[in-house]
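Inspection log for the structure reproduced underneath, given as C-alpha coordinates.
The values are calculated or read from the model by the stated rules, or taken from the named source; none is laboratory data. Just so we're clear, the structure is a prediction, and the values are computed from it rather than from any experiment. Note that we place each Cβ from the backbone using ideal geometry, even for glycine, and neighbour counts take in every protein chain shown. Surface areas here come from the heavy atoms of the whole protein model, side chains and all, with no ligands, DNA or RNA. Shrake-Rupley method; radii C 1.70, N 1.55, O 1.52, S 1.80 Å.
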Amino acid sequence: MATDTLTSPATLNYGKTKVFKNFIDGEWVEASTGETFENRNPADTRDLVGIFQKSAKADVDSAVAAAKRAFTKWRLVPAPRRAEVVFRAAEILIERKDDYAREMTREMGKVLAETRGDVQEAIDAAYYNAGEGRRLFGPTVPSEMPNKFAMAVRQPIGVCGMITPWNFPMAISSWKLLPAIVCGNTCVIKPAQDTPLSTFNLVRALTDAGLPKGVINVVSGFGADVGTPIAEHADVRAVSLTGSSAVGRIIGGIAAKSFKHCSLELGGKNPMIVLDDANLDLAIEGGLWGAFGTTGQRCTATSRMIVQKGVYREFVERLVERAKKLKVGNGLDETVQMGPAVNEKQLQTDLSYVDIGKNEGAKLVCGGNRLDQGDYQYGWFMEPTVFTDVDPKMRIAQEEIFGPVVAIIPCDDLEDAIEIANGIEYGLSSALYTKDVNKAFSAIRDLYAGITYINAPTIGAEVHLPFGGTKATGNGHREGGIGAIDFYTEWKSVYVDYSDKLQKAQIDRED
Ligand code: UN1
(Lines give C-alpha, C1' and ligand atoms only; values in the text may rest on other atoms or scores of the structure.)
Protein backbone atom coordinates (compact mmCIF):
# COMPACT_ATOMS: atom_id res chain seq x y z
CA MET A 1 0.00 0.00 0.00
CA ALA A 2 1.31 3.46 -0.88
CA THR A 3 0.20 5.10 2.35
CA ASP A 4 3.68 6.11 3.38
CA THR A 5 4.54 7.79 0.16
CA LEU A 6 1.31 9.77 0.36
CA THR A 7 1.54 10.81 3.94
CA SER A 8 4.61 12.98 3.80
CA PRO A 9 3.81 15.57 1.16
CA ALA A 10 0.06 15.60 1.78
CA THR A 11 0.23 16.22 5.51
CA LEU A 12 -0.31 19.90 6.02
CA ASN A 13 1.91 21.85 8.28
CA TYR A 14 0.69 25.41 8.32
CA GLY A 15 4.06 26.65 9.49
CA LYS A 16 5.83 25.66 6.28
CA THR A 17 4.82 25.84 2.67
CA LYS A 18 4.21 22.39 1.33
CA VAL A 19 5.31 21.38 -2.12
CA PHE A 20 2.90 18.88 -3.64
CA LYS A 21 4.15 16.62 -6.37
CA ASN A 22 2.16 14.70 -8.94
CA PHE A 23 0.86 11.33 -7.78
CA ILE A 24 1.72 8.76 -10.43
CA ASP A 25 1.84 5.00 -9.97
CA GLY A 26 1.65 5.39 -6.20
CA GLU A 27 4.68 7.69 -6.09
CA TRP A 28 5.09 11.41 -5.64
CA VAL A 29 6.97 12.74 -8.64
CA GLU A 30 8.02 16.15 -9.85
CA ALA A 31 6.69 17.49 -13.14
CA SER A 32 8.87 17.01 -16.21
CA THR A 33 8.95 20.79 -16.67
CA GLY A 34 10.65 21.44 -13.34
CA GLU A 35 8.10 24.26 -12.91
CA THR A 36 5.57 24.84 -10.16
CA PHE A 37 2.67 27.18 -9.38
CA GLU A 38 1.27 28.65 -6.20
CA ASN A 39 -2.10 27.94 -4.62
CA ARG A 40 -3.15 30.96 -2.54
CA ASN A 41 -6.12 31.64 -0.31
CA PRO A 42 -8.53 33.92 -2.24
CA ALA A 43 -9.74 35.45 1.04
CA ASP A 44 -6.19 36.35 2.05
CA THR A 45 -3.59 36.08 -0.63
CA ARG A 46 -0.81 36.33 1.95
CA ASP A 47 -1.74 32.76 2.87
CA LEU A 48 0.13 30.35 0.59
CA VAL A 49 -1.74 27.05 0.73
CA GLY A 50 0.77 25.05 -1.23
CA ILE A 51 3.01 24.80 -4.25
CA PHE A 52 1.95 22.45 -7.02
CA GLN A 53 3.53 20.99 -10.11
CA LYS A 54 3.03 22.77 -13.41
CA SER A 55 2.87 19.63 -15.48
CA ALA A 56 2.96 18.98 -19.22
CA LYS A 57 2.25 16.27 -21.78
CA ALA A 58 5.18 14.06 -20.66
CA ASP A 59 3.63 13.86 -17.18
CA VAL A 60 0.25 12.95 -18.64
CA ASP A 61 1.99 10.26 -20.69
CA SER A 62 3.54 8.64 -17.64
CA ALA A 63 0.28 8.89 -15.69
CA VAL A 64 -1.65 7.26 -18.52
CA ALA A 65 0.99 4.53 -18.83
CA ALA A 66 0.69 3.83 -15.08
CA ALA A 67 -3.11 3.76 -15.31
CA LYS A 68 -2.93 1.42 -18.29
CA ARG A 69 -0.68 -1.00 -16.40
CA ALA A 70 -2.90 -0.86 -13.31
CA PHE A 71 -5.98 -1.56 -15.42
CA THR A 72 -4.77 -5.05 -16.33
CA LYS A 73 -5.14 -6.07 -12.65
CA TRP A 74 -7.80 -3.72 -11.31
CA ARG A 75 -10.39 -4.78 -13.88
CA LEU A 76 -10.09 -8.35 -12.56
CA VAL A 77 -10.61 -7.44 -8.90
CA PRO A 78 -14.24 -8.40 -8.15
CA ALA A 79 -16.44 -5.29 -8.08
CA PRO A 80 -17.58 -5.85 -4.47
CA ARG A 81 -13.91 -5.85 -3.43
CA ARG A 82 -13.20 -2.70 -5.41
CA ALA A 83 -16.18 -1.13 -3.72
CA GLU A 84 -14.91 -2.00 -0.25
CA VAL A 85 -11.93 0.30 -0.82
CA VAL A 86 -14.37 3.10 -1.63
CA PHE A 87 -16.45 2.29 1.45
CA ARG A 88 -13.34 2.47 3.66
CA ALA A 89 -12.42 5.80 2.06
CA ALA A 90 -15.84 7.14 3.11
CA GLU A 91 -15.07 6.25 6.72
CA ILE A 92 -11.65 7.91 6.49
CA LEU A 93 -13.21 11.04 4.99
CA ILE A 94 -15.62 11.22 7.93
CA GLU A 95 -12.66 11.27 10.33
CA ARG A 96 -10.86 13.93 8.32
CA LYS A 97 -13.93 15.94 7.34
CA ASP A 98 -13.14 19.02 9.35
CA ASP A 99 -9.47 19.20 8.36
CA TYR A 100 -10.23 18.73 4.70
CA ALA A 101 -13.02 21.33 4.89
CA ARG A 102 -10.60 23.87 6.39
CA GLU A 103 -8.03 23.18 3.70
CA MET A 104 -10.72 23.57 1.07
CA THR A 105 -11.86 26.91 2.52
CA ARG A 106 -8.26 28.08 2.39
CA GLU A 107 -7.75 27.13 -1.22
CA MET A 108 -11.17 27.97 -2.61
CA GLY A 109 -12.74 30.58 -0.32
CA LYS A 110 -16.22 29.20 0.32
CA VAL A 111 -17.38 29.23 3.92
CA LEU A 112 -16.70 26.33 6.28
CA ALA A 113 -20.31 25.14 6.44
CA GLU A 114 -20.17 24.73 2.67
CA THR A 115 -16.76 23.09 2.49
CA ARG A 116 -17.95 20.59 5.12
CA GLY A 117 -20.89 20.00 2.77
CA ASP A 118 -18.47 19.47 -0.12
CA VAL A 119 -16.55 16.78 1.80
CA GLN A 120 -19.90 15.31 2.88
CA GLU A 121 -20.93 15.08 -0.76
CA ALA A 122 -17.80 13.01 -1.44
CA ILE A 123 -18.72 10.78 1.53
CA ASP A 124 -22.27 10.39 0.15
CA ALA A 125 -20.88 9.54 -3.27
CA ALA A 126 -18.51 7.01 -1.71
CA TYR A 127 -21.31 5.20 0.12
CA TYR A 128 -23.54 5.23 -2.93
CA ASN A 129 -20.87 3.92 -5.28
CA ALA A 130 -19.64 1.39 -2.72
CA GLY A 131 -23.16 -0.06 -2.81
CA GLU A 132 -22.99 -0.24 -6.59
CA GLY A 133 -20.14 -2.74 -6.27
CA ARG A 134 -22.73 -5.36 -5.34
CA ARG A 135 -25.19 -4.28 -8.02
CA LEU A 136 -23.82 -3.11 -11.37
CA PHE A 137 -27.06 -4.60 -12.64
CA GLY A 138 -27.58 -5.62 -16.22
CA PRO A 139 -30.51 -7.28 -17.94
CA THR A 140 -30.93 -11.05 -18.04
CA VAL A 141 -33.58 -11.74 -20.64
CA PRO A 142 -35.16 -14.74 -22.38
CA SER A 143 -33.66 -15.75 -25.70
CA GLU A 144 -35.89 -16.19 -28.75
CA MET A 145 -34.29 -19.64 -29.26
CA PRO A 146 -34.75 -22.71 -27.06
CA ASN A 147 -31.84 -23.74 -24.84
CA LYS A 148 -30.10 -20.43 -25.17
CA PHE A 149 -29.24 -17.97 -22.41
CA ALA A 150 -29.07 -14.19 -22.93
CA MET A 151 -27.79 -11.39 -20.72
CA ALA A 152 -25.82 -8.15 -20.82
CA VAL A 153 -22.94 -7.39 -18.46
CA ARG A 154 -21.22 -4.11 -17.69
CA GLN A 155 -17.54 -3.94 -18.53
CA PRO A 156 -15.01 -1.27 -17.60
CA ILE A 157 -13.80 0.98 -20.40
CA GLY A 158 -10.11 1.30 -19.47
CA VAL A 159 -8.20 4.47 -18.64
CA CYS A 160 -10.50 7.42 -17.91
CA GLY A 161 -9.41 11.06 -17.91
CA MET A 162 -11.04 13.57 -15.57
CA ILE A 163 -10.86 17.34 -15.67
CA THR A 164 -12.47 18.91 -12.62
CA PRO A 165 -13.56 22.43 -11.57
CA TRP A 166 -12.60 24.51 -8.54
CA ASN A 167 -16.06 25.24 -7.14
CA PHE A 168 -16.74 21.73 -5.74
CA PRO A 169 -13.17 20.48 -5.68
CA MET A 170 -13.73 17.31 -3.70
CA ALA A 171 -17.38 16.56 -4.46
CA ILE A 172 -17.05 16.76 -8.23
CA SER A 173 -13.77 14.81 -8.23
CA SER A 174 -15.65 12.13 -6.26
CA TRP A 175 -18.58 12.08 -8.72
CA LYS A 176 -16.11 11.08 -11.40
CA LEU A 177 -13.43 8.99 -9.69
CA LEU A 178 -15.61 6.83 -7.45
CA PRO A 179 -18.02 5.33 -9.99
CA ALA A 180 -15.11 4.97 -12.43
CA ILE A 181 -13.02 2.83 -10.08
CA VAL A 182 -15.94 0.78 -8.74
CA CYS A 183 -16.70 -0.11 -12.37
CA GLY A 184 -13.09 -1.33 -12.79
CA ASN A 185 -11.53 1.58 -14.66
CA THR A 186 -8.31 3.38 -13.83
CA CYS A 187 -7.95 7.16 -13.85
CA VAL A 188 -5.83 10.16 -14.61
CA ILE A 189 -7.24 13.32 -13.06
CA LYS A 190 -6.31 16.94 -13.58
CA PRO A 191 -7.69 18.98 -10.69
CA ALA A 192 -8.52 22.65 -11.27
CA GLN A 193 -5.39 24.75 -10.83
CA ASP A 194 -7.12 26.87 -8.16
CA THR A 195 -7.97 23.90 -5.94
CA PRO A 196 -5.67 20.90 -6.44
CA LEU A 197 -5.30 20.19 -2.71
CA SER A 198 -8.86 18.95 -2.22
CA THR A 199 -8.46 16.41 -5.01
CA PHE A 200 -5.17 15.25 -3.45
CA ASN A 201 -7.00 14.88 -0.13
CA LEU A 202 -9.68 12.70 -1.70
CA VAL A 203 -7.08 10.53 -3.41
CA ARG A 204 -5.13 10.34 -0.17
CA ALA A 205 -8.19 8.97 1.61
CA LEU A 206 -8.62 6.37 -1.14
CA THR A 207 -4.96 5.39 -1.01
CA ASP A 208 -5.06 5.09 2.78
CA ALA A 209 -8.13 2.89 2.28
CA GLY A 210 -6.01 0.49 0.22
CA LEU A 211 -6.39 1.60 -3.38
CA PRO A 212 -3.60 -0.10 -5.35
CA LYS A 213 -0.95 2.02 -7.04
CA GLY A 214 -1.72 3.37 -10.48
CA VAL A 215 -5.50 3.07 -10.17
CA ILE A 216 -5.80 6.83 -9.68
CA ASN A 217 -3.07 9.20 -10.86
CA VAL A 218 -3.13 12.95 -10.24
CA VAL A 219 -1.41 15.41 -12.56
CA SER A 220 -1.69 19.07 -11.60
CA GLY A 221 -1.36 22.00 -13.95
CA PHE A 222 -3.19 24.10 -16.49
CA GLY A 223 -5.81 23.23 -19.08
CA ALA A 224 -3.82 23.53 -22.28
CA ASP A 225 -0.76 21.78 -20.78
CA VAL A 226 -2.49 18.90 -19.01
CA GLY A 227 -6.21 18.81 -19.89
CA THR A 228 -5.69 18.81 -23.64
CA PRO A 229 -3.08 16.00 -23.62
CA ILE A 230 -5.44 13.91 -21.47
CA ALA A 231 -8.27 14.40 -23.97
CA GLU A 232 -5.93 13.68 -26.89
CA HIS A 233 -4.20 10.60 -25.49
CA ALA A 234 -4.89 7.48 -27.55
CA ASP A 235 -4.91 5.24 -24.47
CA VAL A 236 -7.51 7.33 -22.65
CA ARG A 237 -10.86 5.84 -23.58
CA ALA A 238 -13.25 8.13 -21.68
CA VAL A 239 -13.06 11.79 -20.72
CA SER A 240 -15.22 13.56 -18.17
CA LEU A 241 -15.11 17.34 -17.88
CA THR A 242 -16.93 19.75 -15.61
CA GLY A 243 -16.23 23.30 -16.73
CA SER A 244 -17.40 26.10 -18.97
CA SER A 245 -19.30 25.53 -22.21
CA ALA A 246 -16.35 27.11 -24.08
CA VAL A 247 -13.90 24.51 -22.69
CA GLY A 248 -16.53 21.80 -23.24
CA ARG A 249 -16.58 22.60 -26.93
CA ILE A 250 -12.80 22.17 -27.13
CA ILE A 251 -12.57 18.96 -25.07
CA GLY A 252 -15.66 17.45 -26.75
CA GLY A 253 -14.15 18.19 -30.17
CA ILE A 254 -10.82 16.58 -29.28
CA ALA A 255 -12.45 13.51 -27.72
CA ALA A 256 -14.69 12.97 -30.74
CA LYS A 257 -11.67 12.55 -33.03
CA SER A 258 -10.64 9.32 -31.36
CA PHE A 259 -14.20 8.18 -30.52
CA LYS A 260 -13.73 8.54 -26.79
CA HIS A 261 -16.66 8.39 -24.47
CA CYS A 262 -17.08 11.97 -23.36
CA SER A 263 -19.19 13.44 -20.59
CA LEU A 264 -19.50 17.22 -20.44
CA GLU A 265 -21.11 19.08 -17.55
CA LEU A 266 -21.02 22.75 -18.42
CA GLY A 267 -22.63 26.10 -17.73
CA GLY A 268 -25.96 27.21 -16.35
CA LYS A 269 -28.13 30.32 -15.98
CA ASN A 270 -30.61 28.92 -13.58
CA PRO A 271 -34.05 30.45 -13.10
CA MET A 272 -36.09 30.55 -9.93
CA ILE A 273 -39.73 31.41 -10.58
CA VAL A 274 -41.77 33.00 -7.78
CA LEU A 275 -45.53 33.08 -8.35
CA ASP A 276 -48.04 35.35 -6.60
CA ASP A 277 -49.25 32.49 -4.36
CA ALA A 278 -45.75 31.53 -3.15
CA ASN A 279 -44.69 31.47 0.48
CA LEU A 280 -42.57 34.62 0.20
CA ASP A 281 -40.56 34.01 3.36
CA LEU A 282 -39.48 30.68 1.94
CA ALA A 283 -38.78 32.09 -1.52
CA ILE A 284 -36.61 34.91 -0.13
CA GLU A 285 -34.67 32.55 2.12
CA GLY A 286 -34.18 30.15 -0.79
CA GLY A 287 -33.30 32.91 -3.22
CA LEU A 288 -30.56 34.26 -0.97
CA TRP A 289 -29.06 30.82 -0.55
CA GLY A 290 -29.35 29.95 -4.25
CA ALA A 291 -27.87 33.24 -5.47
CA PHE A 292 -25.18 34.00 -2.89
CA GLY A 293 -24.29 30.57 -1.49
CA THR A 294 -20.77 29.65 -2.69
CA THR A 295 -20.54 33.34 -3.75
CA GLY A 296 -22.75 32.43 -6.71
CA GLN A 297 -20.02 30.10 -7.96
CA ARG A 298 -22.13 27.02 -8.63
CA CYS A 299 -23.14 25.83 -12.08
CA THR A 300 -26.54 25.48 -10.45
CA ALA A 301 -26.54 28.95 -8.80
CA THR A 302 -29.81 30.87 -8.88
CA SER A 303 -28.73 33.58 -11.28
CA ARG A 304 -32.19 34.66 -12.50
CA MET A 305 -35.28 35.26 -10.39
CA ILE A 306 -38.47 35.47 -12.42
CA VAL A 307 -41.10 37.02 -10.20
CA GLN A 308 -44.82 37.47 -10.85
CA LYS A 309 -46.02 41.05 -10.85
CA GLY A 310 -48.34 40.71 -7.84
CA VAL A 311 -45.45 40.03 -5.45
CA TYR A 312 -42.62 41.58 -7.42
CA ARG A 313 -42.22 44.77 -5.40
CA GLU A 314 -42.42 43.11 -2.01
CA PHE A 315 -40.10 40.27 -3.06
CA VAL A 316 -37.46 42.67 -4.34
CA GLU A 317 -37.61 44.92 -1.27
CA ARG A 318 -37.31 42.11 1.18
CA LEU A 319 -34.63 40.21 -0.76
CA VAL A 320 -32.49 43.32 -1.08
CA GLU A 321 -32.86 44.13 2.61
CA ARG A 322 -31.58 40.66 3.44
CA ALA A 323 -28.82 40.64 0.78
CA LYS A 324 -27.40 43.89 2.17
CA LYS A 325 -27.00 42.25 5.57
CA LEU A 326 -25.09 39.19 4.38
CA LYS A 327 -21.73 39.02 6.10
CA VAL A 328 -18.94 38.82 3.53
CA GLY A 329 -15.47 37.73 4.57
CA ASN A 330 -12.96 34.98 5.15
CA GLY A 331 -14.82 31.66 5.14
CA LEU A 332 -12.69 30.37 8.03
CA ASP A 333 -14.72 32.70 10.29
CA GLU A 334 -17.84 30.69 11.17
CA THR A 335 -20.02 33.82 11.23
CA VAL A 336 -19.22 34.74 7.61
CA GLN A 337 -22.00 33.95 5.11
CA MET A 338 -20.31 34.70 1.79
CA GLY A 339 -16.66 34.25 0.86
CA PRO A 340 -14.58 35.81 -1.93
CA ALA A 341 -14.43 35.14 -5.64
CA VAL A 342 -12.03 32.28 -6.31
CA ASN A 343 -9.41 34.48 -7.97
CA GLU A 344 -8.76 37.92 -9.35
CA LYS A 345 -9.89 37.03 -12.86
CA GLN A 346 -13.26 35.76 -11.61
CA LEU A 347 -13.71 38.91 -9.55
CA GLN A 348 -12.95 41.07 -12.61
CA THR A 349 -15.53 39.08 -14.59
CA ASP A 350 -18.15 39.58 -11.87
CA LEU A 351 -17.44 43.33 -11.71
CA SER A 352 -17.48 43.63 -15.50
CA TYR A 353 -21.02 42.22 -15.49
CA VAL A 354 -22.04 44.95 -13.06
CA ASP A 355 -21.01 47.48 -15.71
CA ILE A 356 -22.67 45.46 -18.45
CA GLY A 357 -25.95 45.38 -16.47
CA LYS A 358 -25.85 49.12 -15.80
CA ASN A 359 -25.11 49.90 -19.43
CA GLU A 360 -27.96 47.68 -20.56
CA GLY A 361 -30.35 49.73 -18.43
CA ALA A 362 -31.04 47.25 -15.62
CA LYS A 363 -31.54 48.78 -12.18
CA LEU A 364 -28.73 48.11 -9.69
CA VAL A 365 -30.51 47.97 -6.32
CA CYS A 366 -27.92 46.23 -4.16
CA GLY A 367 -24.13 45.93 -4.12
CA GLY A 368 -22.08 46.06 -7.28
CA ASN A 369 -18.83 47.15 -5.65
CA ARG A 370 -15.55 45.49 -4.90
CA LEU A 371 -14.78 45.31 -1.18
CA ASP A 372 -11.15 46.23 -0.65
CA GLN A 373 -10.86 48.11 2.61
CA GLY A 374 -9.34 46.75 5.81
CA ASP A 375 -8.84 43.00 5.72
CA TYR A 376 -10.76 42.82 2.46
CA GLN A 377 -7.71 44.30 0.72
CA TYR A 378 -5.99 40.92 0.80
CA GLY A 379 -8.74 39.03 -1.00
CA TRP A 380 -11.08 39.01 -4.00
CA PHE A 381 -14.29 40.23 -2.38
CA MET A 382 -17.36 41.97 -3.71
CA GLU A 383 -20.81 42.85 -2.41
CA PRO A 384 -23.82 40.63 -3.03
CA THR A 385 -25.33 42.26 -6.10
CA VAL A 386 -28.95 42.49 -7.27
CA PHE A 387 -30.27 43.93 -10.52
CA THR A 388 -34.02 44.47 -10.98
CA ASP A 389 -36.24 45.31 -13.93
CA VAL A 390 -34.04 43.09 -16.04
CA ASP A 391 -35.14 42.33 -19.57
CA PRO A 392 -34.80 38.60 -20.31
CA LYS A 393 -32.70 39.36 -23.39
CA MET A 394 -30.06 41.39 -21.54
CA ARG A 395 -26.63 39.84 -21.24
CA ILE A 396 -26.90 39.72 -17.45
CA ALA A 397 -29.99 37.55 -17.93
CA GLN A 398 -28.44 35.33 -20.61
CA GLU A 399 -24.77 34.74 -19.79
CA GLU A 400 -23.27 32.69 -17.01
CA ILE A 401 -21.44 35.07 -14.64
CA PHE A 402 -20.41 32.61 -11.88
CA GLY A 403 -20.47 35.28 -9.20
CA PRO A 404 -22.80 36.89 -6.64
CA VAL A 405 -24.81 38.80 -9.23
CA VAL A 406 -28.50 38.03 -9.64
CA ALA A 407 -30.95 39.36 -12.23
CA ILE A 408 -34.60 39.81 -11.22
CA ILE A 409 -37.06 39.71 -14.09
CA PRO A 410 -40.79 40.50 -13.77
CA CYS A 411 -43.31 38.11 -15.35
CA ASP A 412 -47.10 38.01 -15.92
CA ASP A 413 -47.93 34.40 -15.09
CA LEU A 414 -46.51 30.87 -15.10
CA GLU A 415 -46.66 30.55 -18.87
CA ASP A 416 -44.70 33.76 -19.33
CA ALA A 417 -42.25 32.68 -16.61
CA ILE A 418 -41.56 29.36 -18.29
CA GLU A 419 -40.96 31.03 -21.62
CA ILE A 420 -38.44 33.36 -20.00
CA ALA A 421 -36.90 30.50 -18.01
CA ASN A 422 -36.40 28.39 -21.14
CA GLY A 423 -35.22 31.31 -23.29
CA ILE A 424 -31.50 30.79 -22.71
CA GLU A 425 -28.80 28.60 -24.20
CA TYR A 426 -28.38 26.53 -20.99
CA GLY A 427 -30.61 24.03 -19.20
CA LEU A 428 -29.07 22.85 -15.93
CA SER A 429 -31.26 23.67 -12.93
CA SER A 430 -34.58 25.45 -12.37
CA ALA A 431 -36.95 26.18 -9.50
CA LEU A 432 -40.53 27.21 -8.84
CA TYR A 433 -42.15 28.62 -5.72
CA THR A 434 -45.91 28.08 -5.60
CA LYS A 435 -48.53 26.42 -3.42
CA ASP A 436 -50.55 25.29 -6.42
CA VAL A 437 -49.86 21.63 -7.18
CA ASN A 438 -51.23 21.95 -10.71
CA LYS A 439 -48.80 24.73 -11.51
CA ALA A 440 -45.97 22.78 -9.91
CA PHE A 441 -46.56 19.75 -12.11
CA SER A 442 -46.98 21.84 -15.26
CA ALA A 443 -43.62 23.43 -14.53
CA ILE A 444 -41.98 20.06 -13.87
CA ARG A 445 -43.16 19.05 -17.33
CA ASP A 446 -42.33 22.28 -19.18
CA LEU A 447 -39.11 23.65 -17.71
CA TYR A 448 -36.48 22.39 -20.15
CA ALA A 449 -33.66 21.67 -17.69
CA GLY A 450 -31.95 18.67 -16.13
CA ILE A 451 -33.14 19.55 -12.62
CA THR A 452 -36.33 21.19 -11.30
CA TYR A 453 -36.91 22.08 -7.65
CA ILE A 454 -40.33 22.91 -6.24
CA ASN A 455 -40.29 25.28 -3.26
CA ALA A 456 -36.50 25.12 -3.03
CA PRO A 457 -33.80 27.09 -4.84
CA THR A 458 -31.81 25.80 -7.82
CA ILE A 459 -28.98 24.34 -5.72
CA GLY A 460 -28.83 21.30 -3.49
CA ALA A 461 -28.62 18.22 -5.74
CA GLU A 462 -28.11 14.86 -4.01
CA VAL A 463 -25.58 12.34 -5.30
CA HIS A 464 -27.88 9.43 -6.04
CA LEU A 465 -29.97 11.26 -8.65
CA PRO A 466 -28.89 12.21 -12.15
CA PHE A 467 -26.99 15.52 -12.35
CA GLY A 468 -26.58 17.40 -15.61
CA GLY A 469 -28.53 19.45 -18.06
CA THR A 470 -29.96 20.13 -21.48
CA LYS A 471 -28.75 22.27 -24.40
CA ALA A 472 -25.34 23.97 -23.89
CA THR A 473 -25.12 22.56 -20.35
CA GLY A 474 -23.79 19.29 -21.64
CA ASN A 475 -23.85 16.50 -24.17
CA GLY A 476 -26.62 14.36 -22.75
CA HIS A 477 -24.74 12.40 -20.08
CA ARG A 478 -25.59 12.58 -16.41
CA GLU A 479 -23.36 12.31 -13.37
CA GLY A 480 -24.62 11.01 -10.03
CA GLY A 481 -26.54 7.82 -9.39
CA ILE A 482 -26.88 5.23 -12.09
CA GLY A 483 -26.06 7.76 -14.84
CA ALA A 484 -22.42 7.69 -13.76
CA ILE A 485 -22.37 3.89 -13.78
CA ASP A 486 -23.77 4.02 -17.31
CA PHE A 487 -21.01 6.41 -18.35
CA TYR A 488 -18.14 4.42 -16.85
CA THR A 489 -19.16 1.03 -18.27
CA GLU A 490 -19.69 -0.49 -21.67
CA TRP A 491 -22.31 -3.11 -22.31
CA LYS A 492 -21.38 -6.55 -23.46
CA SER A 493 -24.25 -8.78 -24.56
CA VAL A 494 -23.62 -12.45 -23.87
CA TYR A 495 -25.38 -15.40 -25.53
CA VAL A 496 -24.79 -18.95 -24.30
CA ASP A 497 -26.23 -21.63 -26.53
CA TYR A 498 -26.61 -24.95 -24.72
CA SER A 499 -28.68 -26.70 -27.41
CA ASP A 500 -25.63 -28.40 -28.95
CA LYS A 501 -26.68 -27.41 -32.44
CA LEU A 502 -26.45 -24.39 -34.69
CA GLN A 503 -29.47 -22.18 -34.03
CA LYS A 504 -29.93 -19.26 -36.40
CA ALA A 505 -31.45 -16.19 -34.77
CA GLN A 506 -34.24 -14.55 -36.79
CA ILE A 507 -34.15 -17.46 -39.29
CA ASP A 508 -35.00 -20.69 -37.47
CA ARG A 509 -38.73 -20.23 -36.91
CA GLU A 510 -41.73 -22.53 -37.09
CA ASP A 511 -43.80 -20.18 -39.32
C1 UN1 B 1 -22.42 22.86 -9.07
O2 UN1 B 1 -23.46 23.49 -9.15
O3 UN1 B 1 -21.40 23.29 -9.62
O4 UN1 B 1 -26.42 20.77 -6.31
C5 UN1 B 1 -22.36 21.57 -8.33
C6 UN1 B 1 -25.59 21.38 -5.63
C7 UN1 B 1 -24.35 20.67 -5.21
C8 UN1 B 1 -23.45 20.45 -6.37
C9 UN1 B 1 -23.33 21.66 -7.21
N10 UN1 B 1 -24.70 19.42 -4.58
O11 UN1 B 1 -25.79 22.53 -5.32
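Taking packing as the residue-averaged number of other Cβ atoms within 10 angstrom, the listed peptides 115-127, 411-423 run from highest to lowest as 115-127, 411-423. Taking each residue as 0.36 nm, the span from Glu30 to Met151 lengthens on full extension beyond its C-alpha to C-alpha distance by 38.9 nm.
For a quick protection proxy, order the peptides 317-327, 79-89 by their average other-Cβ count within 10 Å, most packed first.
Top of the packing list down: 79-89, 317-327.
Report the extension gain between Asp372 and Ile454 in nm, rounded to one decimal, defined as 0.36 nm multiplied by the number of residues separating them, less their alpha carbon distance.
25.7 nm
Here the Debye sum runs over all C-alpha atoms of the chain as equal scatterers in vacuum, and log10 of I(q)/I(0) at q = 0.08 Å⁻¹ comes out as -0.52.
Computed on the chain, with alpha-carbon pairs under 8 angstrom and 6+ residues apart, the relative contact order is 18 percent. With all protein chains kept in place, the per residue accessible area of the chain amounts to 41 square angstrom at a probe of 1.4 angstrom. Taking θ as phi - 60° and the Karplus parameters 6.51, -1.76 and 1.60, the scalar couplings of the range 316-331 work out to 4, 4, 6, 5, 5, 4, 6, 4, 5, 8, 4, 8, 9, x, 6, x Hz in sequence order, x denoting glycine and proline. The spacing between the range 44-94 and the range 424-461, judged by their C-alpha centroids, is 36 Å.
Computed on the range 217-340, with alpha-carbon pairs under 8 angstrom and 6+ residues apart, the relative contact order is 18 percent. Computed from phi, the 3J(HN,Hα) profile of the range 465-470 under the Karplus parametrisation 6.51, -1.76, 1.60 (θ = phi - 60°) reads 10, x, 10, x, x, 9 Hz, with x in place of Gly and Pro.
How many percent of all Cα-Cα pairs in the range 270-454 sit more than 20 Å apart? More than 20 Å apart: 50 percent of the Cα pairs in the range 270-454.
Between Phe137 and Leu76, what FRET efficiency follows from the Cβ-Cβ distance if R0 is 22 Å, with the result rounded to 0.05? It comes to 0.65.
In this simple spin-label model, placing a label point 7 Å from the Cα along the Cα-to-Cβ direction at both Asp391 and Lys327 gives a separation of 4.1 nm.
Taking a threshold of 26 Å on the Cα-Cα distance, which of the pairs Lys73/Lys501; Lys54/Lys213; Lys176/Lys257 fall above it?
Lys73/Lys501
Given R0 = 45 Å, the distance between the Cβ atoms of Gln398 and Val494 translates into a calculated FRET efficiency of 0.40.
Can you give the convex hull volume of the alpha carbon atoms of the range 216-360 per residue, in Å³?
It is 178 Å³ per residue.
Only bridges with both residues in the range 270-454 count here: give the DSSP antiparallel percent, nearest 5. In the range 270-454, approximately 20 percent of DSSP beta bridges are antiparallel ones. With contacts defined as alpha carbon pairs under 8 Å and 6 or more residues apart, what's the relative contact order of the range 131-228 in percent? Relative contact order comes out at 25 percent.
Could you name the lysines in cross-link range of Lys439, using Cα to Cα under 29 Å and dropping any fewer than eight places away on the same chain? Partners within reach: Lys269, Lys309, Lys393, Lys471. By a 1.4 Å probe calculation restricted to protein chains, His233 has an accessible surface near 30 Å², given to the nearest 10. In order along the range 190-207, the phi-based Karplus estimate (6.51 cos²θ - 1.76 cosθ + 1.60, θ = phi - 60°) of 3J(HN,Hα) comes to 10, x, 4, 5, 6, 9, x, 4, 5, 5, 4, 5, 4, 5, 5, 4, 5, 5 Hz; Gly and Pro are listed as x.
Ranked from largest, the principal axis spans of the Cα set of the range 148-211 equal 55, 24, 17 Å. Label-to-label distance, Glu95 versus Ser244, with points set 7 angstrom from Cα along the beta-carbon direction: 4.1 nm. Taken along the Cα-to-beta-carbon direction at a fixed 7 Å, the label points for Arg46 and Gln506 span 7.5 nm.
Taking R0 as 25 Å, what's the FRET efficiency between Asn438 and Leu282 from their Cβ-Cβ distance, rounded to 0.05? That pair, Asn438 with Leu282, gives E of 0.85.
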